[in-house]
Amino acid sequence: MKVTLFILFFLLNSTAAWPWGDLGHRVIAENAVQLSEKALPLCKVRPEEIVSHVNDPDKIWRNSRILYPHEAQAHFFHVDRQPPHWRDRKEPVDRAQGFLVYRIIHWIEESKALIKKKKYEELSQYLYGLTHYLGDLTQPLHLHHDHDGQSAGLPDIHT
């Protein structure tokens with residue numbers, strides 16, 4: 001029992017137990033660039049560049065609302081509040097419920113177009129964002145309307 005409590009205490013107080021902060025995004029980016037090593041040179045971007053910029057959407061873009069409108073809503077997708085047939089759509093019905101999935105789809109399409117146009121500097125920004133957003137997509141609290149735990153009686157669970 002004491003060992004179980006000690007392990008639980010350690011996990012709850014360990015920064016590794018909350019893996020989707022800066023560290024979690026970096027870990028996801030490091031794994032992603034290993035899988036994409038052959039494709040990245042074609043995009044004229046280095047793996048370490050993507051890893052070092054993976055948190056730009058949280059650190060920089062959210063605070064630049066003029067350059068990145070609706071950035072906050074691009075980081076989550078409340079699956080439980082989406083309209084029927086949301087999978088068949090290309091645009092969100094209600095941005096307040098997030099549009100992370102639509103952002104990823106749109107940015108993949110934009111990235112393909114930028115590669116064809118050889119606009120590699122602009123492409124790198126899309127790759128930073130895509131890597132970050134894919135990390136957000138793996139965060140369960142980004143996928144449900146009760147992301148802050150209010151309804152479940154666990155206020156501020158996300159933060």
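The values are calculated or read from the model by the stated rules, or taken from the named source; none is laboratory data. Keep in mind it's a predicted model, so treat the numbers as computed, not measured. Using ideal geometry, Cβ is built from the backbone for each residue, glycine included, and neighbour counts are taken over all protein chains shown. Remember, those area values only see protein heavy atoms, side chains included, never the ligands or the DNA or RNA. Shrake-Rupley method; radii C 1.70, N 1.55, O 1.52, S 1.80 Å.
Of note:
- Across Val45, Val101, Val79, the residue with the most accessible area heads the list, and the full order at a 1.4 Å probe is Val79, Val101, Val45.
- Net length available on complete extension from Arg65 to Arg26 is 11.7 nm, with 0.36 nm assigned per residue and the Cα-Cα distance removed.
- Expected-Rg normalisation [2.2 N^0.38 Å, Cα atoms] applied to the chain: 1.17
- Helical contribution to [θ] at 222 nm, DSSP H n ≥ 4, -39,500 (n - 2.57), averaged over the chain, rounded to 500: -14500 deg cm²/dmol
- Put a dot 7 Å past the Cα of Arg89, heading toward its Cβ, do the same for Lys116, and the two dots end up 2.7 nm apart.
- Nearest-ten-degree value, helix 22-35 long axis tilted from longest Cα axis of the chain: 50
- About its Cα centre, the chain has a charge dipole of approximately 500 debye under the convention of +1 per Lys or Arg Cβ and -1 per Asp or Glu Cβ, with nothing else charged.
- Centroid-to-centroid separation of segment 15-77 and segment 101-159 [C-alpha atoms, Å]: 9
- With every protein chain in place, the chain: carbon and sulfur % of accessible area (1.4 Å): 61
- Remark: the chain carries 66 Å² of accessible area per residue (probe radius 1.4 Å; ligands, DNA and RNA excluded).
- Reference-scaled alpha-carbon Rg (2.2 N^0.38 Å with N residues) for segment 75-159: 1.27
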